[in-house]
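J.: Take this structure, written in structure tokens, and hold onto it; I'll ask about it next.
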């Protein structure tokens, strides 16, 4: 889950951001927990102090006379170095000065320059790299495994042993089960590349349908690619 804290008091902008976050939740299957604040409240201060759970802060540089977005971001950084901060503005502020004051800002966005497109790209990048905690829970032969989906490279079936092999960044697991049942527990990043292979497309850097293989970002060549499962 990614907790998103939005600091904004303009109702039009609030609705734009709400709509975009709803779209991301549906399109990318993101688990987003969003809270909007129009002023610095006790609840907001408690959120900032909770530095154990990284967040994404979307902060308008033009909030109101009672709340300065830059000062608020400086307060966040005093408590929390890991959360991401995205500033956005109707006008073009002195971004360099803001950066010097706040440090470690993910991006600056202008509302009148492809705001929604750029914000979507930013959130997708942040979520996939830092806040992707979706996992696959397995119970097999009195053993339990919890594997983050982002760490799974591919899942295949061993015909001889009649086992499912889950290939991850750190280890290989052999379990009982079926690919069909496992696919039901995965998300949209997983695609079927062969009748006996499910692959994490986020780790695939090359598809060669002529030679029937795909290349992973780990350097491994997997000869489980069939034209029958090629998406048109």
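J.: Compute the angle between helix 11-27 and the longest alpha-carbon principal axis of the chain, please, reported from 0 to 90 degrees and rounded to the nearest 10.
T.: 10
J.: Using the scaling law 2.2 N^0.38 Å as the reference, what is the normalised Cα Rg of the stretch 138-229? List each step's numbers first, then the result.
T.: Numbers: Rg = 12.8 Å, N = 92, 2.2 N^0.38 = 12.3 Å.
Scaled against compact globular proteins, the figure is 1.04.
J.: When only C-alpha pairs under 8 Å and at least 6 residues apart count, what is the relative contact order of the chain, in percent? List each step's numbers first, then the result.
T.: Numbers: 356 pairs, mean separation 27.8, N = 232.
After rounding, I find 12 percent.
J.: Could you tell me how many degrees, from 0 to 90 and to the nearest 10, lie between the Cα long axis of helix 115-130 and the main elongation axis, the longest principal axis, of the Cα atoms of the chain?
T.: 60
J.: On to the next question. Return the ratio Rg/(2.2 N^0.38 Å) for the stretch 49-117, where Rg is computed over Cα atoms only.
T.: Rg over 2.2 N^0.38 Å, computed on Cα atoms: 1.09.
J.: Could you give the Stokes-Einstein D for the stretch 88-142 in µm² per second, using the C-alpha Kirkwood radius, 10 °C, 1.306 mPa s?
T.: D, rounded to a whole number, is 113 µm²/s.
J.: At a 10 angstrom cut-off on C-beta neighbours, averaged per residue, how do the peptides 118-125, 158-165 rank from highest to lowest? Can you show the working numbers first?
T.: On the way: 118-125: 17.0, 158-165: 11.9.
Ranking, from highest mean packing down: 118-125, 158-165.
J.: Starting with the highest mean, order 149-156, 172-179 by the number of other Cβ atoms within 10 Å, averaged over the residues of each peptide.
T.: Packing order, densest peptide first, comes out as 149-156, 172-179.
J.: Let me ask something else. Distances over 27 Å make up what percent of all Cα-Cα pairs in the stretch 48-177? Spell out each step's value before the answer.
T.: Working: 3541 of 8385 pairs.
The calculated P(r) of the stretch 48-177 puts 42 percent of pairs beyond 27 Å.
J.: Let me ask something else about it. Reported to two decimal places, what Rg/Rh ratio describes the stretch 1-113 when computed on Cα atoms with Rh from the Kirkwood expression? Numbers along the way, then the final one.
T.: On the way: Rg = 13.5 Å, Rh = 14.4 Å.
A ratio of 0.94.
J.: Mind giving me the FRET efficiency for residue 22 and residue 221? R0 is 41 Å, r the Cβ-Cβ distance, nearest 0.05 is fine. Display every interim value, and only then the final one.
T.: Values: r = 40 Å, r/R0 = 0.97.
Efficiency, from the Cβ-Cβ distance: 0.55.
J.: Using every alpha carbon pair in the stretch 1-51, what percent of pairs falls into each 10 Å bin from 0 up to the bin containing the largest distance?
T.: For the stretch 1-51, the pair-distance distribution reads 23, 48, 27, 2.
J.: As I understand it, the value is the acute angle between the Cα axis of helix 69-79 and the longest principal axis of the Cα atoms of the chain; what does it come to in degrees, rounded to 10?
T.: 60
J.: Can you quote the Å³ per residue value for the convex hull of the Cα atoms in the chain, rounded to an integer?
T.: Considering the Cα atoms of the chain, their hull volume per residue is 163 Å³.
Each reported figure results from applying straightforward, stated rules to the coordinates on display, with no laboratory input. Computed from a predicted model, the values in this text were never measured in an experiment. Cβ: placed from backbone, ideal geometry, glycine included. Neighbour counts: every protein chain shown.
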